[in-house]
Amino acid sequence: MKAPTVGFVSLGCAKATVDSERILTQLKAEGYGFSANYEHADLVVVNTCGFIESAVDESLDVISQALGANGRVIVTGCLGVKAGLLKKKFPNLLAITGPQDCDAVMAAVHAEAPPVHEPFYHLLPPGGVKLTPRHYAYLKIAEGCNHKCTFCIIPTMRGRLASRAPSDVLGEAKSLVDAGVRELLVVSQDTSAYGVDQRGRADLATGRALRPHITDLAQTLGELGVWIRLHYVYPYPQVDELVELMASGIILPYLDVPFQHASSRILRLMKRPASGEDNLARVHAWRERCPSLAIRSTFIVGFPGETDIDFQELLHFLRQAQLDRVGCFIYSPVTGARANDLPEPVDSGLAQARFDELMAVQAEISHTRLRQRVGRECMVLIDEVTEAGAVGRSASESPEVDGVIHLPGVTGIQAGDFVKVKISACDTHDLTASLIEV
Ligand code: SF4
């Protein structure tokens, strides 16, 4: 008997990707096949994003396409918490489940397309089913968030911080490394807060007393001998300990710190974690301790109440901090977020002008930072090899969000190889290099 096939669409952030991988791994383990199109699938699962209005629109669009082409659709993920809205818009959905609810998705799939018990199908690739290339993988260390940033509804959708046990994280990390992963990207909503919900209770499951704390976890992951890259790290005091690990070469000297703004007034209106910190002083101190540190951040412009003075403060911060990589969003209201009630909304034209100005300022900074690397040597992890050459990244570039390093004419190596290169040129976001050693 032929195994049922599932069409799967994964939308949203890296955390949602990890949820998708968990569901796909379970489906594969139970013998389900995957369909490359809606039409030939027995049913379709859509893992949605509900973070900002454009993400909600994209999710609704995909659900509508899946219903049109297939008709049998299960919705999961962040938008699943708005079951009322979904039911009203799409009364024919088979089931709606919330974020990180693999069990509920599997129950819905079982009810609609029962698995076929065939031992052949129970062969699972080591490390599970990955949506990223084989040589890097996201490692989710916690769910949820204890903060109440006024522009965000993630705590409502994903609940309070729930850290995974260190032994659980380590077990997954080991099996990913055994499966060939060379770079682990540690993600959660608030990576520096990892373990605070466990109140220091040691995890003895591996025969070692593992403290649920981000410094200890990073150190232990660093022993696996692959690149460990941290994302979504808030500037709490314990980040200094992480920078020590970076300076010692235990984890990559890379910090993704979502500052979101530099004006303390706006940060207070946003109710950002660690908003009282002197972030500029911290950036300088981190760089002093670890000169090779690359810092990535994201910012929001046009937040309600943002004055020209606030915006100039943000530009001043960027010029002083000389961050390596910056993403920027124009504020847009999210249904259910408390920031919607704040007075003094910023005119959309003005917000766009601020966005353009910030991106122009950062483009110059990025170019300057990259120019400083020309002539230097570094290790590169290869992401892709074509007839024209190879493309990879150094410790300073995270996949999908930062720039890349082009190695023109370099073939005969493979994705996942580490090579030593010398940087020869740069543009605003990317670098070009020549191969020194494979
Ligand atoms: S820290 Fe703030 S922005 Fe991030 S998930 Fe928590 S509430 Fe949302």
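Looking at 245, 210, 217, which one is assigned by TED's automatic domain parsing to the domain that holds residue 170, touching a residue at least 24 places away in the same chain (Cβ under 8 Å) and closer than 21 Å to residue 397 by Cβ? Steps first, please.
Working: 210 fails: closer than 21 Å to residue 397 by Cβ; 217 fails: closer than 21 Å to residue 397 by Cβ.
It is 245.
Can you tell me which residue in region 281-327 is surrounded by the fewest Cβ atoms within 10 Å (Cβ to Cβ), limited to those that are closer than 18 Å to residue 237 by Cα and more than 24 Å from the chain's Cα centre (by Cα)? Looking at the filtered set, the residue picked out is 281.
Residues checked against (1) at pLDDT 95 or above; (2) within 16 Å of the ligand (Cβ to nearest atom):
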site	(1), (2)
272	no, yes
280	no, no
283	yes, no
300	yes, yes
303	yes, yes
307	yes, no
325	yes, no
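Does region 95-108 contain any residue that is of a type in the set (S, T, N, Q), under 30 Å from residue 225 (Cα atoms), crowded, with 19+ Cβ neighbours inside 10 Å and modelled with pLDDT under 90? Yes, some residue in region 95-108 is of a type in the set (S, T, N, Q), under 30 Å from residue 225 (Cα atoms), crowded, with 19+ Cβ neighbours inside 10 Å and modelled with pLDDT under 90. Could you tell me whether region 122-130 includes any residue that is at pLDDT below 90, farther than 30 Å from residue 227 by Cβ, within 16 Å of the ligand (Cβ to nearest atom) and of a type outside the set (Gly, Ala, Ser)? Scanning region 122-130 turns up no residue that is at pLDDT below 90, farther than 30 Å from residue 227 by Cβ, within 16 Å of the ligand (Cβ to nearest atom) and of a type outside the set (Gly, Ala, Ser).
Quick one: how many residues across region 137-150 are near the ligand (Cβ under 7 Å from one of its atoms) and among the hydrophobic types (A, V, I, L, M, F, W, C)?
Step one: list which residues in region 137-150 are near the ligand (Cβ under 7 Å from one of its atoms), which gives 145, 147-149.
Cutting the leftovers down to among the hydrophobic types (A, V, I, L, M, F, W, C) gives us 145, 149.
Selection size over region 137-150: 2.
Residues that are surrounded by fewer than 20 Cβ atoms within 10 Å (Cβ to Cβ), modelled with pLDDT of 85 or more and not small (Gly, Ala, Ser) within region 27-36 comprise just one, 34. For region 158-205, the candidate set comprises residues that are of a type in the set (Asp, Glu) and within 20 Å of the chain's Cα centre (by Cα); within that set, the residue that is nearest to the ligand (Cβ to nearest atom) is 190. Among residues that are outside the structural domain of residue 14 (by TED's automatic domain parsing), outside any strand (DSSP E or B) and within 22 Å of residue 399 (Cα to Cα), residue 233 is included.
The values are calculated or read from the model by the stated rules, or taken from the named source; none is laboratory data. This is a predicted model, so every value here is computed, not measured. Virtual Cβ from ideal backbone geometry, glycine too; neighbours counted across all protein chains shown.
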